[in-house]
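First comes the structure, then the notes that go with it.
Read-outs throughout are calculated quantities, based only on the coordinates presented, and are distinct from any laboratory measurement. It should be emphasised that the depicted structure is a prediction, and the values quoted were computed from it without experimental measurement. Cβ: placed from backbone, ideal geometry, glycine included. Neighbour counts: every protein chain shown.
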Amino acid sequence: MEPDLRIGLYVCHCGLNIAGVLSPEKLVARAQGLPHVAVCRHHLYTCSEAGQAEILKDIQHFNLNRVVIAACSPKLHEVTFRRLLEESGLNPYLLEMVNIREHCSWVHGGEAEAAQDKALELVRMGLAKVRLAFPLQDREVPMTRRALVIGGGPAGLRAALDIANGGYPVTLVEREPVLGGMANRLHRTFPHGESALALINPLMAAVVLHPGIQILTHSEVTGVSGHLGNYTVTVRETLPMVGEACHRCGRCAAVCPVTVPGAALAGVEARAAIYLPAPHAFPGRYVVDREHCTRCGECVRACPVQAISLEAGEREQQFKVGSIVVATGFTPFDPVGSRYEPWAALPGVLTTVDLERLQNPGGPTRGVVTFPGAPEKLRDVAFILCVGSREAEGNRYCSRVCCPTALKQALELKNRFPEVRIRIYYRDIRTTKKDWEALYTRAREAGVLFLRGRVEQITAFPGGGLRLAAFDETFQVPSEDRVDLVVLAVGMVPGNGGHLRQILKLPVGPDGFFLEAHPKLKPLETVLDGIL
Ligand SMILES: Cc1cc2nc3c(=O)[nH]c(=O)nc-3n(C[C@H](O)[C@H](O)[C@H](O)COP(=O)(O)OP(=O)(O)OC[C@H]3O[C@@H](n4cnc5c(N)ncnc54)[C@H](O)[C@@H]3O)c2cc1C
Ligand code: SF4
Ligand code: SF4
């Protein structure tokens, strides 16, 4: 330790973030006489130009050789103040940040006196630590110039392409047998009505054709160790039972004796145990559903190019990457297991995900909007918003895509069936992004009706059709309607599962989605360096 320690101590108000709870003036007064403190000041915003200039002046004037900043989290401004020390000629590691905002004023808002005492204790600890600090030199360590992207939906594809175009090789790991994510299940997209296929296909093609991108579909990350610049990743790949020779003639599916009902569109969407997950998606070949396949071998015998082998197992591989992008997206809210389950079980009740599939000419009904119990001519349709979102119990957040999805689908129905009467039951219409509000205007202009209220019950009429009972909040009266089709506008739930969270040791918020490093300043970064 240097014998002549001269520490500059700076306490920040952070506007009222800190000063609204404890008194920086009092803290300075109490810290003034602490050992080795040569100068002690408070500032409205220590990170401001004026705040930094004052510290710089003090370093020279008082010949300071250590600095302690009592302010916000080091994650926010440690780099700023290290640069300042460097500029002054001091070694940047002779700095200590004391977090009296996140660790004190923000968490002790209702106990000002205790917060004041705690802040002093934190400052004492910071001073004790900085007394032991010694100059450090930055070292360069070799790093792996390869990135891992987890998730091959629109976000993962875009990330992989941008990184690869920047000159860094990428390994893209997708859990499903094909790339594309939710975009494979969409028809027309809000806000401009482009087909999802037209948006996702060029992106997918660019990724597939890029020489710098290695694609591992039907694969999952099972282990990650190491640190920023040098991660070792373990991936388990389910090897395809249908090889590249497959030219999608479909003879295998035609002979397969197994029928697997569609997850949601039971009775409408059924497939064999060997199937084409999405006709346009990469890799463009049939896939064997291992869970339902009975290994009867009919498809192997029917395949004219011997592309099928029911023996294919799994393979594990390890490789190094320097950084990781997590783009695992979401899963649509499933009404099964929730208070919506009895409604969802009624014939004539679909989710927006189902309707998206039915409206799609590439979907199971080739674009015909039909469902069990559908009338010959669709006359009355109701959409219910906020299903699985903004719940008093359950998911409290707004999913944000269900309002524009319902508006887009209502407009598409109106376009196809101008006579159809559509009523949207809503709590609030949240068309928050650029161009989304125009959808709302267009829907009203097209004659879509809006009722602000709570849907309380849906029951089936014996002869067909549904009775929908609601409470109209605008007029404070009960409201009743008879409709052919009810569409539940389902929200989003986290799609990453606990597994990946544990492997990456990434924190999640109360809603279960990965936490951003800072909601405003670092909305795309996680708290772990090197993982985005
Ligand atoms: C009914 C409905 C309609 C919509 N309509 C529109 C629209 O019209 N316009 C619009 O802009 N948006 C629309 N959206 C929203 C849109 O689907 C999403 O914004 C978009 O899909 C998000 O892309 P993503 O890549 O983040 O996630 P996803 O599309 O969910 O892709 C994530 C990918 O990660 C994979 N994955 C998950 N976990 C793992 C893992 N552990 N390992 C490897 N891979 C993993 C998944 O299999 C998936 O392929 C709609 C959403 C819904 C539900
Ligand atoms: S082996 Fe499996 S996929 Fe092939 S026909 Fe039989 S059940 Fe279907
Ligand atoms: S986007 Fe609309 S429907 Fe979805 S949760 Fe938010 S307010 Fe409800």
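A few notes on this one:
- Put a dot 7 Å past the Cα of Asp4, heading toward its Cβ, do the same for Arg301, and the two dots end up 9.6 nm apart.
- Within segment 136-179, the trypsin sites (Lys or Arg not before Pro) that combine a DSSP coil assignment with at most 14 other C-beta atoms in a 10 angstrom radius are Arg139, Arg145.
- By the count of neighbouring beta-carbon atoms within 10 Å, fewest first, Thr526, Thr331 end up ordered Thr331, Thr526.
- Distance from the C-alpha centroid of segment 122-152 to that of segment 57-92: 16 Å, rounded to the whole angstrom.
- Size check on the chain: the Cα extents along the three principal axes, sorted descending, read 89, 65, 34 Å.
- Cα gyration tensor, segment 52-158 - rounded (a/c under 1.5), prolate or oblate: oblate
- Table column - 3J(HN,Hα) (Hz), segment 132-147, Karplus curve with 6.51, -1.76, 1.60, x for Gly and Pro: 8, 5, 9, x, 10, 10, 5, 10, 9, 10, x, 9, 8, 8, 9, 10
- The ranking of Glu376, Glu391, Glu176 by Cβ neighbour count inside 10 Å, starting from the fewest, reads Glu376, Glu391, Glu176.
- Rounded to two decimals, the Cα radius of gyration of segment 332-493 over 2.2 N^0.38 Å is 0.97.
- With the alpha-carbon atoms of segment 202-320 aligned to their principal axes, the span from lowest to highest coordinate is 50, 32, 30 Å, starting with the largest.
- Amide H contacts for Gly495 (H built 1.01 Å from N in the peptide plane; partners 5 or more residues away or on another chain; cut-off under 5 Å): Phe330, Thr331.
- Sequentially through segment 449-460, phi angles give Karplus couplings (6.51, -1.76, 1.60; θ = phi - 60°) of 9, 10, 10, 7, x, 9, 7, 9, 7, 10, 9, 8 Hz, Gly and Pro residues having no value and appearing as x.
- Using θ = phi - 60° and Karplus 6.51 cos²θ - 1.76 cosθ + 1.60, couplings along segment 336-343 (whole Hz; Gly, Pro as x): 5, x, 10, 5, 8, 4, x, 5
- Assigned charges on the beta-carbon of Lys, Arg, Asp, Glu; segment 417-462 dipole about Cα centre (debye): 160
- Between Arg421 and Asp380, Val381, the built amide H atoms are under 5 Å apart, and every one of these is 5 or more places off in sequence or on another chain.
- Difference of contour (0.36 nm per residue) and Cα-Cα distance, Val508 to Arg454: 16.4 nm
- Full-extension gain in nm, Ala53 to Ser309, via 0.36 nm per residue minus C-alpha separation: 85.0 nm
- Estimated FRET transfer efficiency when R0 is 30 angstrom, pair Thr234-Asp162 (beta carbons, to 0.05): 0.75
- Long-range amide H partners of Val149 with built H, under 5 Å: Thr171, Leu172, Val173, Val325
- Reachable lysines from Lys408, criterion Cα separation under 19 angstrom, eight or more residues apart if same chain: Lys433, Lys434
- Positive-end residue, segment 440-527 charge dipole about Cα centroid, Cβ charges, pick of Phe513, Ile458, Val527: Val527
- Its relative contact order, with pairs defined as Cα atoms under 8 Å and 6+ residues apart, puts the chain at 11 percent.
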